[in-house]
Amino acid sequence: MCDFKEVKVLHVEDDVAFGHIVLERLERFKNVKFHVDLTPTLQNAEQLLREKSYDVILLDINLPNSRGADTLIRALAFANRVAIIVISGVINDEDTVINFVKFGAQDVYFKHKLNIDELPLRILVGLTRYTMVHSVKPLEELRQRITAKSQLAWKQTVHNSMASLRSISG
């Protein structure tokens with residue numbers, strides 16, 4: 001289980017009013033302390049990620065300097081080891097949502113359908129999912145390496161045993 005006491009959020013949003021609504025809601029959440037930086041452009045987000053570390057990015061995909069899937073792809077390229085949750089007012093079909101998740105977003109929400117009171121919990125769920133997936137992958141790779149070494153060691157043991165038997169009998 002992932003227990004977060006503090007969560008550092010980079011909110012990439014050009015709608016300042018919506019950005020402040022999100023900020024106010026996250027500040028009122030009692031169980032976790034959210035630290036939020038709000039920036040209106042993808043270039044500013046990239047600069048902030050060079051200067052600070054974040055746990056999660058809330059990403060509007062239609063920004064002044066970037067639109068649609070290109071925004072997510074660009075953000076994924078510079079947001080190494082940071083969960084990305086898309087919150088957009090322009091996505092209107094299920095295929096786009098599924099594709100964004102396939103690209104690497106932890107979740108996708110429609111601004112006009114988002115219950116702002118649920119946002120802190122949705123962020124924590126997305127962050128927990130991201131953390132678990134990224135901690136399981138290295139463990140699976142380690143298990144595969146150990147299994148491969150064990151199989152090699154077993155083959156070597158069998159080969160040596162067979163060679164010993166041949167030398168005794170022959």
For the range 96-122, give me the residue count where each residue is within 15 Å of the chain's Cα centre (by Cα), open to solvent by 70 Å² or more (accessible area, probe 1.4 Å) and closer than 19 Å to VAL36 by Cα. 1
Looking at the range 26-39, which of its residues are buried (at least 17 other Cβ atoms within 10 Å of the Cβ) and either touching a Pro at 6+ places or on another chain (Cβ under 8 Å) or part of a helix (DSSP H, G or I) (or both)? LEU26, PHE34
Show the residue pairs meeting these rules: Cβ distance below 7 Å; 6+ apart or different chains; first residue within the range 18-29 and aromatic (Phe, Trp, Tyr); second residue not in a helix (DSSP H, G or I). PHE18/LYS111
Taking the conditions exactly as written (surrounded by fewer than 18 Cβ atoms within 10 Å (Cβ to Cβ), among the β-branched types (Val, Ile, Thr) and farther than 25 Å from HIS134 by Cβ), does VAL16 satisfy them or not? yes
In the range 40-66, which residue that is part of a loop (DSSP other than H, G, I, E, B) and crowded, with 16+ Cβ neighbours inside 10 Å is nearest to the chain's Cα centre (by Cα)? ASP55
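The values are calculated or read from the model by the stated rules, or taken from the named source; none is laboratory data. None of these values were measured; they are calculated from a predicted model. Note that we place each Cβ from the backbone using ideal geometry, even for glycine, and neighbour counts take in every protein chain shown. Quick note on the areas: whole protein, heavy atoms, side chains included, nothing else; ligands and nucleic acids left out. Shrake-Rupley method; radii C 1.70, N 1.55, O 1.52, S 1.80 Å.
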